[in-house]
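**Student:** Below is one structure. I have some questions about it.
Coordinate-derived values only; no laboratory data. Because the structure is a prediction, the values reported are computed rather than measured. Positions of Cβ are backbone-derived with ideal geometry, glycine not excepted, and every protein chain shown enters the neighbour counts.
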Amino acid sequence: MSEIDPLQPPKKKPGLTPEVRRKRRNRRIIVYGAIVAAIAGFWNWQPWEYDFVERTPPASNPRVDPDRKKLFAKGTKILLVTAHPDDSEFYIGGTLTQLAKTAEIHQVICTDGDKAYYPFEDHERNRRVRKGEAKAALDAWNGRELIFLGYPDGRLRDTEGAVNRMVEIIHRVKPDYILAFDGDYPPRASHQDHRRAGDITLKAARKATGPEWIMLFSTMHPNFVVDITDDWDRKRELLALHSSQFNGERLQRVENMVAGMAENDGERIEVAMGEGFRCIRLGKPE
Ligand SMILES: [Zn+2]
């Protein structure tokens, strides 16, 4: 029987030949490389973006009045730009309910809503059903016109072509106000289509002639809040019109999430429910 002598250093394993060591090292490089490539591939494929460091506005963000009287005056023209068929009711359903009583609102939806990044979905059906839901919602809050730009869902890009199409729409509709996503100061975890839709619209708004204000929603830095306390039930009804996206338990979850956002924004002006905007006067420094 052999005994281990604790005073003796442990015996070395029989040495690996340089050939075996090289093979093992190569195998490790391949495995780790595949893992990194898989993570990078997944990150690139999924449509969400995350700001690891919170973005702070370049200047202080005082309360702004985007000429409220004009905003709610009869005949005011508004161009609303969103990314997906359900965005407008989700983010600003209360404000739209109020504005559409007097304003003429034209809505642009940048993508076709097919969720092509979900490989097992019926994309054609998504397009058809979600466009129908968007039209029903627009009719419900009394919008004037719905324009689909048809870019692929989850893959909206901020290109010169997209900006120019938006400029053309602005020149045709001649809005006094533009409503769009905040591409510069969005929530830290946000859909890339939302940011790109905001980027495209802000660039087009600065390039075009005519509109006086752009009001950016889904923003971390609102400087104007609309009190939607009395429109909350209506907003919930509008959300439920997107039944392919929000139904059953998911509708409840989404309502809770939207209620949390509305309470946060409401707090800023000491009301129960609000919808916040970062308003920028066009052609003038922020
Ligand atoms: Zn969306």
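**Student:** Which loop-located GluC sites (Glu not before Pro) does the stretch 81-181 contain, where loop means any DSSP state but H, G, I, E or B and the Cβ has at most 13 other Cβ atoms within 10 Å? Could you put the intermediate results ahead of the total?
**Tutor:** Values: sites: Glu89, Glu104, Glu121, Glu124, Glu133, Glu145, Glu160, Glu168; in loops: Glu121.
Here the GluC sites (Glu not before Pro) that fit, given the DSSP loop and packing criteria, are Glu121.
**Student:** Further question: What list do you get for Asp193, Asp231 if you sort them by fewest beta carbons within 10 Å?
**Tutor:** Ascending number of Cβ neighbours within 10 Å: Asp231, Asp193.
**Student:** Take Glu255, project a point 7 Å from its Cα along the Cβ direction, then tell me which residues of the stretch 228-249 have their backbone nitrogen under 14 Å from it.
**Tutor:** 232-243, 246-249
**Student:** To the nearest 500 deg cm²/dmol, what mean residue ellipticity at 222 nm is calculated for the chain from DSSP H runs of n ≥ 4 alone, each contributing -39,500 (n - 2.57), summed and divided by the residues?
**Tutor:** When only DSSP H runs of four or more count, the value is -14000 deg cm²/dmol.
**Student:** Sticking with this one: Report the net charge of residues surrounding Arg127, where surrounding means a beta-carbon distance below 9 angstrom and charges are Lys +1, Arg +1, Asp -1, Glu -1. Walk me through the numbers before you get to the answer.
**Tutor:** Values: positive: Arg125, Arg128, Arg130, Lys131; negative: Asp112, Asp114, Glu124, Asp153.
Result for the local shell: 0.
**Student:** Next question, about the same structure. Using Cα pairs closer than 8 Å and at least 6 residues apart in sequence, work out the relative contact order for the stretch 172-286, in percent.
**Tutor:** Over the stretch 172-286, the number comes to 32 percent.
**Student:** Going 7 Å from the Cα of Ala272 toward and past its Cβ, which residues in the stretch 228-256 have a backbone nitrogen under 12 Å from where you end up?
**Tutor:** Only 228-234 pass the distance filter.
**Student:** Please give the charge dipole size of the chain, origin at the Cα centre, charges +1 on K and R Cβ atoms and -1 on D and E Cβ atoms. Round to the nearest 20 debye.
**Tutor:** So the magnitude is around 1580 debye.
**Student:** For the stretch 39-87, just say rounded, prolate or oblate: build the C-alpha gyration tensor, square-root its eigenvalues into a ≥ b ≥ c, call rounded for a/c under 1.5, and beyond that prolate if a/b exceeds b/c, oblate if not.
**Tutor:** oblate
**Student:** Sticking with this structure for a sec: Given Cα pairs under 8 Å that are at least 6 residues apart, what percent is the relative contact order of the stretch 92-180?
**Tutor:** The normalised contact order for the stretch 92-180 reaches 37 percent.
**Student:** At a Förster distance of 51 Å, what's the computed FRET efficiency of Asp230 paired with Arg172, Cβ-Cβ distance as r, to 0.05?
**Tutor:** It comes to 0.90.
**Student:** Longest exposed-loop-site-free stretch of the chain, with chymotrypsin sites (Phe, Trp or Tyr not before Pro), DSSP loop and at most 10 other Cβ within 10 Å?
**Tutor:** Values: sites that count: Phe52, Phe120.
Result for the longest clean stretch: 121-286.
**Student:** Would you look at the GNM of the chain, springs on alpha carbons closer than 10 Å, and say which of Lys70, Lys101, Lys23 moves the most?
**Tutor:** Lys23
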